[in-house]
Structure formats: C-alpha cells, structure tokens
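Asker: Please see the structure below; I have some questions.
The values are calculated or read from the model by the stated rules, or taken from the named source; none is laboratory data. All figures in this text were calculated on a predicted structure; none of them were measured in a lab. With ideal geometry, Cβ positions are generated from the backbone for all residues, glycine too; neighbour counts draw on all protein chains shown. Accessible surface is based on the protein model in full, side chains and every heavy atom, while ligands, DNA and RNA are left aside. Shrake-Rupley method; radii C 1.70, N 1.55, O 1.52, S 1.80 Å.
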Amino acid sequence: MKMGLTVTLHKGKGKTTSEPNNYRAISLLPVVYKLFESVERRSPLHVCYLDARAAFDCVWISGLLYKLHDKGIAGKDLRIINSTLRNASSRVIHSGCLSEPFAIEQGTRQGSICAPFYYTVFVGGLLEQLQASPHGLKIGDVSISAHTQADDIVLLSLPRSGLQRLVNICHDYANRWRYTYNPSKCAAMIMHRKQYTRTQPQVIIYGDTTIQEATSYVHLVITQSPCGKSPLNIDVVKRKMRGTYFSTSSVARGPAGVNPTTAMKIYTMCVLPRALCIVPQFYRKAVCPWLLLPLIPSFIQNGVGY
C-alpha cells in the first residue's frame, strides 16, 4: 500500500523543460491507500476534556523538588525553594476576620509568582508522554494530541481507542505523582463537521469511572459543541465580564468603593483578557472584538464608588 508511482508534470507558462524544479511530482497511489485516506479525512475527532482536582493546591512538594532537580535546579537555589515550600502556613480572611493559622503541607500556593512555573514543571513529564504517544492527533509530524492551559487538558485522537490510551497515560501519571482528575467534571465528545450518527455512545474510562459523553462543554469560557460551533450571546459575555470584575474587585473594595486606578488595573489585567478569550466567537460573526470596549462602562457600572 505504501508503494506508488511518481510521474512528472511540467508547470508550463513558458518555463524551460530542462530545469527539474519546473516539474510537479504527482503520485499515483494504490486504490486501497486512497480509500484509507478518504476514510481518515472523514473520520470524526474524539475529544476528552480533563479537569484536574484542585491542581495547584495538590502538587506533591517532594515530587516537584525532584522534577526541579531533574531540570538542573540544584544547590542553593533548590534549598531556597524547598525552604519556601516546606512548613508554610496561612490564615483565612473573611469579612474582616482572621482564622487561626493552619499548615500548608502541599501545593504551590495560588497567587505566588512562581506557582505557574512550578505547575508546568510538575506536569511537564505528562505532556512529553502525550506528545510522544502514537495514539494522539497529528498534522504531519507535529503532535497536537494534548492542548494545555494551566490545569486544563484537552486530549485529541481520531480513533476512540486512541483517546482511551491517552486518558490511560493521564491516569497512570496522576497516580504516580499523587494527584487526580475529577471524572465528574471531565467530558468526552465526538466532533464532526456534520451531524455524526453512531450505533453506540462513546465510552471513555478514567480508572474505574466512566467519563460521560457531552453534547456541549465550556472550555476556557468558550462553549464547545460536536460540530465545533459556539453560540454567540453578548449577554453571556457581559455577565462573565461583570462577574470577573466584581469577584476580583471585592478584595480591593474599601468603605468608599474601589480606587479608580485599582479598578483600571483590574479591568486591563483581568476583565479584558477574559473578554478577548471569547474572541473566536466574534470572529465567526465577523464582529471586531474591539467593539467590546465601548460596552465596558455598562458592564461594570456602579462598580467604582470611590
């Protein structure tokens, strides 16, 4: 099936016939190979959205230090990191009241500048395994089997069996490095340009738990569906932006409200990035995402009372 015949086709347009670069190489391939390609091109895409359970808070400190050392961080630098992560404590502040101190025995402490780096190092081995797996989706020689954003992983494979093997890799890695995924918040989906009819539902297993098949799933604030289309709802966008602003600004709110300078920083660092995260929906509707900007005052009205 891999053996074919190559014929040359002259590009024409007055180009010389003595120059090899003026010819196209056309492959005459066996019918069986073309049939295989036709089936492959029309195959649905099997997707699994994995949600790590309290990912940053459950990082195994000893495992993280081992991986940092494996990356070449050693000596004084590693001792300093070890000292900052070990024997840490914290107190919860709520409504102006402080709780009693409690020990932090694991995790990278969200809000820390180094937390994203630590988590990337901690799951780096998993991403390498997924990229090296022959069961994931590839474009040419480039593996695109595992799209990752912080603790969210999207696994992609053409056959269902390939997707199951990718999930097994995640399960085994999580067990080895002492964290887990939350199957109740994970979802499987079959994507196809047209409505895909199958004789039986897709079954993906994480350990001993079945990951439910979904007809829609919200990933990074964008609603995914089997046909790849996301409904555009400007009211939903405004509601998410308001929620982001008020939840973030509540920490900085004083008796007179939020300082305008602080409010603008919250807007530029938190609110706007989340709005632009939904840009693909606006592009599909040929709407410039910057048209969102004039709507900002109405999104966060009454939010600044300083």
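Asker: How high is the FRET efficiency between Gln212 and Met191 when r is their beta carbon distance and R₀ equals 22 Å, given to the nearest 0.05?
Answerer: In this case the efficiency is close to 0.85.
Asker: Note down the nm distance, to one decimal, between modelled labels 7 Å out along Cα→Cβ at Thr223 and at Ser250.
Answerer: Taking the two extended label points, one gets 2.5 nm.
Asker: While we're here: Hey, can you grab everything whose amide H is under 5 Å from the amide H of Asp51? Only 5+ residues off in sequence or another chain; H modelled, so Pro and N-termini drop out.
Answerer: Asn182, Cys186
Asker: Quick one: Karplus J couplings for segment 108-120, per residue in order, coefficients 6.51, -1.76, 1.60, θ = phi - 60°, nearest Hz, x for Gly and Pro?
Answerer: Computed from phi, the couplings for segment 108-120 are 9, 6, 4, x, 6, 4, 8, 4, x, 5, 4, 5, 4 Hz.
Asker: Using r as the Cβ-Cβ distance of Ser18 and Ala132, and R0 as 41 Å, what FRET efficiency do you calculate, to the nearest 0.05? Walk me through the intermediate numbers first.
Answerer: On the way: r = 45 Å, r/R0 = 1.10.
In this case the efficiency is close to 0.35.
Asker: So, in nm, how far is label Gln110 from label Asp57 when the simple model puts each one 7 Å beyond its Cα toward the Cβ?
Answerer: With each label placed 7 Å out from Cα toward Cβ, I get 0.7 nm.
Asker: Could you tell me how far the Cα centroid of segment 135-197 sits from the Cα centroid of segment 248-264, in Å?
Answerer: 40
Asker: Which far-off residues, 5 or more places away or on another chain, put their amide H under 5 Å from the one on Val258, with H placed in the peptide plane?
Answerer: Answer set, sorted by chain and number: Gly305, Tyr306.
Asker: Given a 1.4 Å probe, how much area per residue of segment 80-137 is accessible, in Å²?
Answerer: Computed with neighbouring chains in place, this is 65 Å² per residue.
Asker: Another question, if that's okay. Starting from the amide H of Gln224, placed 1.01 Å from N in the peptide plane, find each other amide H under 5 Å away whose residue is 5 or more places distant or on another chain.
Answerer: Hits under the 5 Å cutoff: Tyr217, Val218, His219.
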